[in-house]
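See structure below.
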Amino acid sequence: MRGRAHTEFARSRKVRMGQYRLLKLGEQIRGEIATMLLRGEIKDPRVSNFLTINRVDVSADLAHAKVYVSTFMSESELARGVEGLCSAAGYIQSTIAKKLTIRQFPHLHFIADTSVRDGFEMVKKIDEIVKNDEANSSN
């Protein structure tokens, strides 16, 4: 019985360590892309310095990584920025792959992320409702 429990523990630990490595790799990729944006290393005119890399989800087989991009600019500007990043994906991948020592660098897929803006809009609506309720209760 002890052997089986130990094996299950080792398997669960492997899963957790694997997930930890994927998260760590995602954070490294996120940081490198953010640095490239800040330094203006991506020369595509559609890519703005106001784009933000929220997170990077790396697949378990390291073949793909989803890069979530947001901005406080208009949605059309966000879409243009994501198009520019998609166009420059090869350059971004090769630049980062030279810095990180991993066997296989994931293919980057850039995705527009409106969750930050959506959350901000939600907070504004909640504040508006609270103000209306306070105004109605004081009357």
ask   = In the stretch 117-136, how many are among the aromatic types (Phe, Trp, Tyr) and either in contact with a strand residue (DSSP E or B) (Cβ under 6 Å, 6 or more places away or on another chain) or more than 27 Å from GLU75 (Cβ to Cβ) (or both)?
value = 0
message = Suppose the filter is at pLDDT 90 or above and in contact with a Phe, Trp or Tyr (Cβ under 9 Å, 6 or more places away or on another chain); does LYS125 pass it?
response = no
remark   = Note: among ALA97, ALA89, ALA79, ALA63, just one is touching a residue at least 12 places away in the same chain (Cβ under 8 Å) and touching a Phe, Trp or Tyr at 6+ places or on another chain (Cβ under 8 Å), namely ALA89
inquiry  = I'd like to verify a number: residues in the stretch 8-22 that are out of contact with any strand residue (DSSP E or B) (no Cβ under 8 Å at 6 or more places or on another chain) and either open to solvent by less than 60 Å² (accessible area, probe 1.4 Å) or at pLDDT 90 or above (or both), how many?
reply    = 3
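The values are calculated or read from the model by the stated rules, or taken from the named source; none is laboratory data. This structure is a prediction, so every number in the text was calculated from the model and none was measured. Heads up, the Cβs are rebuilt from the backbone with ideal geometry, glycines too, and the neighbour counts pull from every protein chain shown. In case anyone asks, the SASA skips ligands and DNA or RNA and just uses the protein heavy atoms, side chains included. Shrake-Rupley method; radii C 1.70, N 1.55, O 1.52, S 1.80 Å.
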